[in-house]
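Below is one structure, written out as structure tokens; the observations come after it.
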Amino acid sequence: MADLFEAAGLTPHAPSPLADRLRPQSLGEVVGQDHLLGPEGPIGRMAAAGRLSSMILWGPPGTGKTTIARLLAKAAGYEFQQLSAVFTGVADLKKAFEAARMRRAAGQSTLLFVDEIHRFNRAQQDGFLPFVEEGIVTLVGATTENPSFELNGALLSRSQVYVLKRLDEAALETLLAKAEAFEGKAMPVDPDARNALIDLADGDGRYLLTLAETLFNIAPPKPLSVAQMSQVLQKRSPAYDKDREEHYNVISALHKSIRGSDPDAALYWLARMLQGGEDPLFIARRLVRAAAEDIGEADPMSLVLANAAKETYDFLGSPEGEIALAQVVIHLAAAPKSNAVYTAFKAAQKAARETGSLAPPKHVLNAPTRLMKDLDYGKGYAYDHDAEDNFSGQNYFPDEMGRRSFYQPKGEGNEARIKDRLERWAALRKARGG
């Protein structure tokens, strides 16, 4: 049935976006995903064989997930049916499955493409299982989120997960060249602005073509410079979702850059998080953790400075307080590293779980009452300050447990001095029978 716009004769002349007009017509025309679509790639092999398996296409926006699914169905001779998890309810799913069942009875296979499949809840995802298992549909789901977190295990066990890459500079340049060939004219920008345009796209092919279409439509009298182009095009925020996987990926990159003693990389990831709108206090908490976990006694001031940076940000706010975060990121990355405190505490926790409720040795117990003294509480305790070398060498572990060694300083920074002292005390303890 025609709608009002069709009845008025308007839709035939409505222009479609440039990205849609340049949509590839075969898998070979898709750029940037050769690892999947090439002759040796898993999807390329499926298409060549004409037999498809259910799959999840995981990748950033604008990398070709929908296009690949459509062309894959075309190459293999499957009927293509598309749903979006944003707009689809249970009734729509039932209709799609019933239509696929009827096609199968007629000898026609169905590729069911579900965009943003991660938006279906777990129960809805379970609803796909019998139809996938029976082969009524070949499911191709598209998601920008980590399937391990967003899709249930039963669905993942019946699907292959293929990771699409963000488009690199060469792939984006190929798209610009195709746009120029389609429009029959060069991009109205100078070489530096062309490079900046590719940077603005941030690996998103669809967004690049949207920007290119805007510039073609403006049709300036002479090529635009970077500054002139920036006045026309607004830079979008980088891909960063504080509530999803990118949040954890980038904070992990920051922490591991610090652990790896790379202040430049650590500063980069700090800047990425702040530009993405991350809560600076969340970053500050991770910096405090890094100081305790990865530096410890090698540079005990790191923990003090990490806390000071948090307090500074609390006091100054953004953007001034962010300088304190940058300072402590550099300090932590450049500091000597030791996880000896971290590993020692883990080992002590394990020993505490294993040994239960063993009592301390009696000589370290206080004896405030006569009864306690009669029970030998405190008997034989040696006051270290009165001992030779200020060290008595007594045992402080439970008698039933025996001595354990948890803390093994690595000899980095301040820990070098600690290591020397512990080795000297260990020799004295052995000599004195402690």
Six or more apart or on different chains, Cβ under 7 Å: which pairs go from a residue in the range 293-318 that's within 16 Å of residue 334 (Cα to Cα) and polar (S, T, N, Q) to one that's in a helix (DSSP H, G or I) and open to solvent by 30 Å² or more (accessible area, probe 1.4 Å)? Could you list them? 302/331
Out of (1) open to solvent by less than 80 Å² (accessible area, probe 1.4 Å); (2) within 24 Å of residue 295 (Cα to Cα), the one residue 346 does not meet is (1)
Of the conditions (1) surrounded by 11 or more Cβ atoms within 10 Å (Cβ to Cβ); (2) of a type in the set (Gly, Ala, Ser); (3) within 16 Å of residue 297 (Cβ to Cβ), residue 387 satisfies every one except a single condition; which number is it? (3)
Unmet requirement for residue 431, which otherwise passes all of (1) in a loop (DSSP other than H, G, I, E, B); (2) modelled with pLDDT under 90; (3) not basic (Lys, Arg): (1)
Quick test for you: out of 267, 254, pick the one residue that is open to solvent by less than 50 Å² (accessible area, probe 1.4 Å) and not small (Gly, Ala, Ser). 254
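Here's the yes/no breakdown for (1) within 17 Å of residue 141 (Cβ to Cβ); (2) in contact (Cβ under 8 Å) with a residue 12 or more places away in the chain; (3) touching a His at 6+ places or on another chain (Cβ under 9 Å):
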position: 40; (1), (2), (3): no, no, no
position: 53; (1), (2), (3): yes, yes, no
position: 71; (1), (2), (3): yes, yes, no
position: 91; (1), (2), (3): no, no, no
position: 97; (1), (2), (3): yes, yes, no
position: 101; (1), (2), (3): no, yes, no
position: 120; (1), (2), (3): yes, yes, no
Residue 40 vs. criteria over 24 Å from the mean Cα position of the chain (by Cα), acidic (Asp, Glu) and outside any helix (DSSP H, G or I): yes
Residue list for the range 353-387, restricted to those being assigned to a helix (DSSP H, G or I) and touching a residue at least 40 places away in the same chain (Cβ under 8 Å): 355
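The values are calculated or read from the model by the stated rules, or taken from the named source; none is laboratory data. The structure presented is a predicted model; accordingly, all values stated were derived computationally and were not measured. Reconstructed Cβ throughout: ideal geometry from the backbone, glycine too, with neighbour counts over all protein chains shown. Side chains included, ligands, DNA and RNA excluded: accessible areas come from the protein's heavy atoms. Shrake-Rupley method; radii C 1.70, N 1.55, O 1.52, S 1.80 Å.
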